[in-house]
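The values are calculated or read from the model by the stated rules, or taken from the named source; none is laboratory data. Please read these numbers as outputs of a predicted model, since none were measured by experiment. All Cβ positions, even for glycine, are placed from backbone atoms using ideal geometry, and neighbour counts span all protein chains on display.
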Amino acid sequence: MELALVLPIFAIVLFALVEFTLLFYARADVVEASRIGARLATMPGITQQNVEAEVKRILPPQLGQGAVIKTEMGKHSGDVVMVAVSIPMTLASPNLLWPVGYNLKGQNLYSETRMIKE
């Protein structure tokens, strides 16, 4: 009797633990990729294609395939450069909590980094 009451709650907690662990791990990858891309964008002679290729190289393959990368390259020294990376959450984690109302569809992990061009 008690098992029938506790087992669904235990399953939800376990699913949440797995889903959020994978999402936090993927978020760290997205943040690191945007930082490395912004550092690269501050260097002279670097193009937007170089930055996008480096960001995709840094991301794990399952995240890189769906990544949307936006860059604003400064033209002169002292200008602000920006690299933004966005990936769908469904690429980072299985959608385990949809029965309880937490759906990953249509949601993204997003990181934006701004630095000053050298």
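Here are the numbers:
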quantity: Condition broken by GLY37, with the remaining ones in (1) at pLDDT below 95; (2) more than 19 Å from GLN107 (Cβ to Cβ) satisfied; calculated: (1)
quantity: Identity of the residue in region 68-105, in contact with a Ser or Thr (Cβ under 9 Å, 6 or more places away or on another chain) and at pLDDT below 95, that ends up farthest from PHE15 (Cα to Cα); calculated: GLY74
quantity: Tabulated pairs, region 1-27, first among the hydrophobic types (A, V, I, L, M, F, W, C), second part of a helix (DSSP H, G or I), C-beta under 7 angstrom, 6+ apart or interchain; calculated: ILE12/VAL100; LEU22/ALA92; LEU23/MET89; LEU23/ALA92; ALA26/LEU63; ALA26/ALA92
quantity: Selected residue (criterion: surrounded by the fewest Cβ atoms within 10 Å (Cβ to Cβ)) from residues of region 58-100 that are out of contact with any strand residue (DSSP E or B) (no Cβ under 7 Å at 6 or more places or on another chain) and β-branched (Val, Ile, Thr); calculated: VAL100
